[in-house]
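A short worksheet on the structure shown next.
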Amino acid sequence: MEIDKVQKELERLNKMSAVSIITELLSKENVILKRCLLLSALVNIALIVFTFIALFS
C-alpha cells in the first residue's frame with residue numbers, strides 16, 4: 001500500500017516540470033515561514049508584556 005503511494009507520487013513528479021516542482025516546494029516552505037513568523041511575533045508580544053509588567057510593578 002505504501003509502495004503504491006510512493007510510486008504514484010514519483011509518477012506525478014516525473015510528469016511535472018521543474019518550475020512546478022520548485023513552485024510546490026516554495027509554497028510548502030512559505031507555510032513553514034509564515035508559522036515561524038507568527039511564532040516570533042507572539043514571542044515578541046509576550047516579551048513586551050513582561051517588560052511592561054516589570055516596569056510598572
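Just so you know, all these numbers are worked out from the coordinates, no wet-lab data involved. What you see is a predicted model; the values in this text were computed from it and never measured. Don't worry about glycine lacking a Cβ; one is built from the backbone with ideal geometry, like all the others, and counts go over all protein chains shown.
A count restricted to the range 5-57 and to residues that are over 22 Å from the mean Cα position of the chain (by Cα) and of a type in the set (V, I, T) stands at 5. Within the range 35-57, residues that are of a type in the set (S, T, Y) reach no partner that is exposed (fewer than 10 other Cβ atoms within 10 Å of the Cβ) and assigned to a helix (DSSP H, G or I) with beta carbons closer than 9 Å at six or more positions or on different chains.
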